[in-house]
Amino acid sequence: MTDYSRMSREDLIERLKELERRVAVSAADADARSTERRLQESALRDSEQRIRAIVNTAVEGIITIDERGGIESLNPAAELMFGYGADELIGRNVSVLMPPPYRQEHDTYIENYKRTGEAKMIGIGREVLGQRKDGTVFPMDLSVGEVRLANCRLFTGFVRNITERKRAESQLAELAQSLAEKNRELETIVYVASHDLRSPLVNIQGFSQELADACAQIQKKLGSPESRTSNQAEIAPLLSEDIPEAIGYILAGVAKIDALLNGFLRFSRLGRAALQPRQLDVSGMLADIARTFEFELKQSGASLKLLPAPSCYGDPTQINQVFSNLIANAIKYAAPDRPAEIEISGRREDGFSVYAICDNGVGIAAEHQDKIFEIFHRLDPSAGEGEGLGLAIAHKILERHGGSIAVESVAGEGSTFYVKIPASNLPLGGF
Ligand code: ADP
């Protein structure tokens with residue numbers, strides 16, 4: 001301890017000044033600390049207010065519960081959704097907001113989670129049913145988060161009423177189902193009609209032939225032109241020209257109807273045949289197809305260049321048919337003044353393999369580019385052989401594979417057909 005009685009007056013004064021300085025410094029320190037505390041408190045209040053404002057204005061219902069399932073808080077959106085005031089719910093078990101069997105299951109959920117740590121809901125979220133105060137039940141999306149505090153934990157449930165979404169989903173599903181049924185019905189009608197119409201057609205063909213034979217016989221019976229009476233001379237041209245000409249038209253018509261019915265049959269069979277998809281080596285398939293076109297390519301002076309193409313997931317017969325149709329068309333619709341140059345390439349894009357079949361042929365005017373995929377649509381019926389079915393079939397095959405076909409073309413310059421097929425059987429395989 002300092003003995004002040006032995007100190008000189010000057011030392012005492014010095015000592016006093018020193019003490020005054022220390023007091024001043026510690027007062028300034030205390031001031032600074034209290035300002036800092038005030039600032040911290042205000043920042044905390046500000047942040048609390050912000051969080052409360054967010055929770056209070058959230059569209060989703062937010063409910064916090066304790067470890068035993070007791071409700072600790074709920075925001076206005078949750079009050080509105082369930083038809084309760086917060087004061088009616090705080091302290092009650094959250095299972096009151098759920099209809100059976102969720103109500104009974106809920107306590108077991110929390111118990112299981114606390115015991116095993118196995119989360120069926122926490123951090124995951126799923127569709128469940130909620131129950132309002134008036135007993136009505138509604139579908140909701142529920143996701144639960146866990147908040148660990150120093151000496152306890154809370155669970156926060158985020159709920160969203162999905163009644164409208166579920167209604168729209170079920171309407172869409174009903175629509176899709178009735179559309180699929182209508183489609184099946186239509187395919188059956190087309191199949192049965194084209195099948196059954198063929199037998200009367202065969203009759204028309206057969207009896208027309210009989211008629212032609214009968215005419216030939218009558219004509220024979222008329223004898224030579226010199227021996228005919230005047231009546232017989234009048235009948236003769238009917239038998240030799242008019243009737244055979246009419247029969248010729250009937251048979252041409254029959255052949256046309258037969259081709260159309262065949263087309264219908266092939267088209268409708270496509271929708272009925274089961275797909276047998278697998279991973280396809282498209283480069284190999286294109287090389288095989290190219291060999292089958294060797295004669296036509298040589299004859300027309302056309303060239304076919306195959307660039308590397310990735311594999312895809314599809315039915316081998318049907319995908320082969322698509323590429324064969326497109327190559328046949330590229331040869332068939334060559335420009336009159338230059339030999340066809342055809343190039344096929346492929347690339348991967350967003351889970352699909354996309355192949356480009358490019359030619360320098362007659363091209364397709366913009367206004368026709370959508371129509372060529374319709375059944376029996378031909379831009380120029382006099383242009384080469386064909387029934388306007390190849391692209392409709394390609395379109396249908398690719399649609400069934402969850403893929404698509406499109407064309408880019410400039411009339412007079414050439415066309416590129418893009419064929420898109422799932423690259424593998426992973427998530428996009430739409431079978
Ligand atoms: P088809 O060849 O039997 O007429 P498609 O369905 O294969 O039937 O083709 C429909 C129409 O599309 C053809 O008549 C033709 O006018 C046009 N077309 C198809 N491919 C090409 C092509 N590569 N270049 C120009 N036009 C084409």
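Residues to consider are V254, V190, V202; find the one that is of a type in the set (V, I, T) and modelled with pLDDT under 90. Criteria check complete, one pass: V190. Checking every residue in segment 131-140 against the condition of being acidic (D, E) and not in a helix (DSSP H, G or I) gives at least one match.
Can you confirm whether segment 303-318 contains a residue that is more than 16 Å from E413 (Cβ to Cβ), crowded, with 18+ Cβ neighbours inside 10 Å, under 25 Å from the mean Cα position of the chain (by Cα) and within 12 Å of the ligand (Cβ to nearest atom)? Taking every residue of segment 303-318 in turn, none turns out to be more than 16 Å from E413 (Cβ to Cβ), crowded, with 18+ Cβ neighbours inside 10 Å, under 25 Å from the mean Cα position of the chain (by Cα) and within 12 Å of the ligand (Cβ to nearest atom).
Scanning for something at pLDDT below 85 and more than 17 Å from G69 (Cα to Cα), does segment 95-110 turn up at least one residue? Among the residues of segment 95-110, not one is at pLDDT below 85 and more than 17 Å from G69 (Cα to Cα), which makes the answer no.
Can you confirm whether I331 is assigned to a loop (DSSP other than H, G, I, E, B), near the ligand (Cβ under 9 Å from one of its atoms) and modelled with pLDDT of 95 or more?
Working: assigned to a loop (DSSP other than H, G, I, E, B): no; near the ligand (Cβ under 9 Å from one of its atoms): yes; modelled with pLDDT of 95 or more: yes.
Considered against the rule, which asks whether it is assigned to a loop (DSSP other than H, G, I, E, B), near the ligand (Cβ under 9 Å from one of its atoms) and modelled with pLDDT of 95 or more, I331 comes out as no.
Name the residues in segment 198-239 that are assigned to a helix (DSSP H, G or I), of a type in the set (G, A, S) and free of Cβ contacts under 8 Å to residues at least 24 places away in the same chain, would you? Correct list: S199, G206, A214, A216, S227, S230, A233, A236.
Every residue, every condition in (1) in a helix (DSSP H, G or I); (2) without any contact (Cβ under 8 Å) to a residue 12 or more places away in the chain; (3) within 18 Å of D281 (Cα to Cα), yes or no:
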position: V354; (1), (2), (3): no, no, yes
position: G361; (1), (2), (3): no, no, no
position: S382; (1), (2), (3): no, yes, no
position: K396; (1), (2), (3): yes, no, no
position: S409; (1), (2), (3): no, no, no
position: G412; (1), (2), (3): no, no, no
position: S415; (1), (2), (3): no, no, no
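Pairs are defined by a Cβ separation below 7 Å, a sequence spacing of at least 6 or placement on different chains, a first member in segment 279-290 that is in contact (Cβ under 8 Å) with a residue 12 or more places away in the chain and part of a helix (DSSP H, G or I), and a second member that is exposed (fewer than 14 other Cβ atoms within 10 Å of the Cβ) and of a type in the set (G, A, S); no pair meets this definition.
Quick check on segment 266-277. Is at least one of its residues hydroxyl-bearing (S, T, Y) and more than 23 Å from P381 (Cβ to Cβ)? There is no residue in segment 266-277 that is hydroxyl-bearing (S, T, Y) and more than 23 Å from P381 (Cβ to Cβ). The residue that is surrounded by the fewest Cβ atoms within 10 Å (Cβ to Cβ), counting only those in segment 381-402 that are of a type in the set (D, E, K, R) and more than 7 Å from the ligand (Cβ to nearest atom), is E385. With respect to the conditions (1) in a helix (DSSP H, G or I); (2) touching a Gly at 6+ places or on another chain (Cβ under 6 Å); (3) more than 24 Å from C152 (Cβ to Cβ); (4) not acidic (D, E), I110 lacks only one, and its number is (3). Annotation: of all residues in segment 337-363 being of a type in the set (A, V, I, L, M) and more than 13 Å from L326 (Cβ to Cβ), the one that is nearest to the ligand (Cβ to nearest atom) is V362.
Just checking, which of E36, E48 is surrounded by 10 or more Cβ atoms within 10 Å (Cβ to Cβ), under 58 Å from the mean Cα position of the chain (by Cα) and of a type in the set (D, E, K, R)? Explain how you work it out, then say what you get.
On the way: E36 fails: under 58 Å from the mean Cα position of the chain (by Cα).
Criteria check complete, one pass: E48.
The values are calculated or read from the model by the stated rules, or taken from the named source; none is laboratory data. All values derive from a computational prediction rather than experimental measurement. Positions of Cβ are generated from backbone atoms using ideal geometry, with glycine treated the same way; all protein chains shown enter the neighbour counts.
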